[in-house]
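Taking it in order: structure first as structure tokens, then the write-up.
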Amino acid sequence: MATGDLTTLANVKSWLGITDSTDDTLLTRMITAFSATCQSYMNRDIYSKSYTETYDGVNSSKLFLQNYPVTAIASLSIDNVSIPLAANSTVTGYLFNKNTISLNGYSFTRGNQNISVTYTAGYATTPFDLEQAVLELIGYKYRERTRIGEASKSLAGEVVSFDLKDLPPTTKLVLNQYKRVTPV
């Protein structure tokens, strides 16, 4: 499994009902390609990693981070002053949830690029619904490869029409739930 792949070859073969290894190279390439396609569509990386970002302060007590879910904050500074983690909401410092840092006793003071935060965000494993969406996309494209560019085909006097969408609607629905909609 390549870094960034949202599923495994074993799961793809199970989903497609494939028991031999004839198409393993093709399927492995599709996993990597469509995992990248999905992450590009969602405008974010899914897997857990560290980020260091700077923000403009707007004189508020909340800061929405670009990446989520946030699992840890290594450091937070405002105007080059280190802010401590608060033990609870009544203690001075910061608290965080999956995408927000909240301050108690401090403020994200107005300024240009005066806030610096280093944090870890993302998933340790691919969420089940997202992996299923990727499996369905791979299955869709795997079956489509024998009729690339064909909108319909005549079979025994009947016309069969093919769906030519770039993403199956069910895949798009799931990807939209994980899509970053704030600008980077």
Checklist entry - Per the helix-only calculation at 222 nm, which mean residue ellipticity applies to the chain, given -39500 (n - 2.57) for every DSSP H run of n ≥ 4 and division by its residues, nearest 500 deg cm²/dmol? => result -9500 deg cm²/dmol
Next on the checklist: Once ligands and nucleic acids are excluded and a 1.4 Å probe is used, how much of residue 64 is accessible, expressed in Å² to the nearest 10?
Outcome noted: 130
Item to check | For the chain: accessible area per residue (Å², 1.4 Å) | outcome: 57
Checklist entry - Between residue 129 and residue 44, what length comes free when the chain is fully extended (0.36 nm per residue of separation minus the Cα-Cα distance, one decimal in nm)? => result 29.0 nm
Checklist outcome for this item: Stretched fully, the stretch from residue 80 through residue 180 gains (0.36 nm per residue minus C-alpha distance, one decimal, in nm) 33.1 nm
Next on the checklist: Going through the cross-link list 13/141; 49/98; 13/49; 141/172; 62/98; 49/172, which pairs have a Cα-Cα distance over 21 Å in this structure?
Outcome noted: 13/49; 49/172
Next on the checklist: With N set to the number of residues, divide the alpha-carbon radius of gyration of the chain by 2.2 N^0.38 Å and report two decimals.
Outcome noted: 1.40
Checklist entry - For the chain, which whole percent of the accessible surface, found with a 1.4 angstrom probe, sits on carbon and sulfur atoms? => result 54
Next on the checklist: Rg and Dmax in Å for region 1-91, alpha carbons only: what are they?
Outcome noted: 20.4, 61
Next on the checklist: Taking the alpha-carbon distance from residue 179 and a cut-off under 20 Å, which aspartates and glutamates remain once sequence neighbours fewer than 8 residues away in the same chain are dropped?
Outcome noted: 5, 45, 53, 129, 131, 136, 166
Next on the checklist: Which order do the peptides 79-88, 133-142 come out in when sorted by mean C-beta neighbours inside 10 angstrom, highest first?
Outcome noted: 133-142, 79-88
Checklist outcome for this item: Debye calc, one equal point scatterer per Cα of region 68-124, no solvent, log10 I(q)/I(0) at q = 0.18, 0.19 1/Å comes to -0.60, -0.67
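The values are calculated or read from the model by the stated rules, or taken from the named source; none is laboratory data. Small disclaimer: the values here were computed from a predicted structure and weren't measured. Every residue, glycine among them, receives a Cβ derived from its backbone with ideal geometry; neighbour counts consider all protein chains shown. These accessible areas exclude ligands, DNA and RNA; they are computed on the full protein's heavy atoms, side chains included. Shrake-Rupley method; radii C 1.70, N 1.55, O 1.52, S 1.80 Å.
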